[in-house]
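What follows is a short report on a single structure.
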Amino acid sequence: MAVSTLWLTDFRCFTEAQFQPDPEGLTVLRGANGAGKTSVLEAVGWLATQRSIRGATRDALVRSGTEAAVVRAEASVGERAVLLEASIPATGPVRMLVNRQPVRRRSELAEALNVTVFAPNDLDLVQGGPAGRREYLDDVLVARHPRLDALVTEVDRILRQRAAVLRQAGGRPDGAVADTLDVWDERLGASGTALAREREELAHELGPAASSAYERLAGVAEPVILDYRRSWEGDLSDVLRSTRPDDVRRQVTSTGPHRDDLEISIGTRPTRTHASQGEQRCVALALRLATHDLRRRELPEPPVLLLDDVFSELDARRAAALVELLPPGQVLLTTAVAPPPVVHAGRVVEVAGGQLTGVAGAP
């Protein structure tokens, strides 16, 4: 799986740009901070997920003074050529096409282009709250098994419907409200338990690969432990009924997969509270590398690996270890500093002033 050509129109700082990365190896995008390096990765990530790797809103993707951005890419999946096109207006619906056909579900994108992303804000996976870690697990689940997009969407829909009923009850449920909650509690019990089970199995699978990557990056023999913690014990439908009086009073669903967490530890130390920022960064990077390794072993071809500003806070030894860990396949890497000498890029591109230029003398 690889991107052969990327076209940008009115996307971020680019008026018109064309980018052709190395099809099978490492492409380095080099430039000053704010030059637009991350925007190139963001465009590839958007085509694969319809999300910004920076968590930006859609209007931020559209070049100032214009109404819409357009991102197009030719990619290959095995012997099959794929054309992905996105029209991203500042307001209004996004138009997304794969081989000229409208995309209706996120799972369709996962089948056309798979990416693994490491960005500086991935530190939030370790430092931030549980919501980011749940989203990380769900994104990996959908990328691995597109059918699970329906389960993730269903759980979100049930939670929104249950929340609406709780608000309408106004703290004083009557018989009709109780009957309606019975229906949603049964559905959340079934779908929520299924989603939690999928997340638990994924955390179990990711653990060994994350631990191996962390030990090589950090240069220490301390394992990374991933422990998925449910917010309930026993049958979820029964728990929802038992907590219903409190839920009605507070007008929130207090138990379910939306309250679960992925606890991450280095050995016996909770990473969020008992690890240095350097250790946390290595753990976040190890999680992404573990995800990529898992997907690489499952797919006929590895996903595209997007590494944004990955060398900025790594010392020389850890940077060299990362280079050694880079898997086969297409890798797009941005840097504002000179990459370590161990980096051997198939292509180097200078990013400046909304332009992408091959570096003279570089491969």
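The values are calculated or read from the model by the stated rules, or taken from the named source; none is laboratory data. Please read these numbers as outputs of a predicted model, since none were measured by experiment. As a convention, Cβ positions derive from the backbone with ideal geometry for all residues, glycine included, and neighbour counts pool all protein chains shown.
In table form, for the structure just shown:
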quantity	calculated
Residue in region 211-221 that is in contact with a Ser or Thr (Cβ under 9 Å, 6 or more places away or on another chain), modelled with pLDDT of 90 or more and either small (G, A, S) or buried (at least 16 other Cβ atoms within 10 Å of the Cβ) (or both) present	no
Residue that is farthest from the chain's Cα centre (by Cα) [pool: residues in region 181-230 that are over 17 Å from A275 (Cα atoms) and aromatic (F, W, Y)]	W184
Residues (of a type in the set (A, V, I, L, M, F, W, C), at pLDDT 90 or above and farther than 30 Å from V283 by Cα) located in region 165-210	V165, L166, L181, V183, W184, L188, A190
Within region 307-323, considering residues that are among the acidic types (D, E) and at pLDDT 85 or above, the one surrounded by the most Cβ atoms within 10 Å (Cβ to Cβ)	D308
Residue that is surrounded by 16 or more Cβ atoms within 10 Å (Cβ to Cβ), within 30 Å of S4 (Cβ to Cβ) and not assigned by TED's automatic domain parsing to the domain that holds R72, where the choices are P89, P146	P146
Among the residues listed as A316, A336, the single one being free of Cβ contacts under 8 Å to residues at least 40 places away in the same chain, hydrophobic (A, V, I, L, M, F, W, C) and not assigned by TED's automatic domain parsing to the domain that holds R160	A316
Residue list for region 74-128, restricted to those being of a type outside the set (S, T, Y), assigned to a strand (DSSP E or B) and touching a Pro at 6+ places or on another chain (Cβ under 6 Å)	V115
Residue list for region 225-282, restricted to those being part of a loop (DSSP other than H, G, I, E, B) and either crowded, with 18+ Cβ neighbours inside 10 Å or not assigned by TED's automatic domain parsing to the domain that holds V183 (or both)	R230, W232, T253, T255, G256, D260, A275
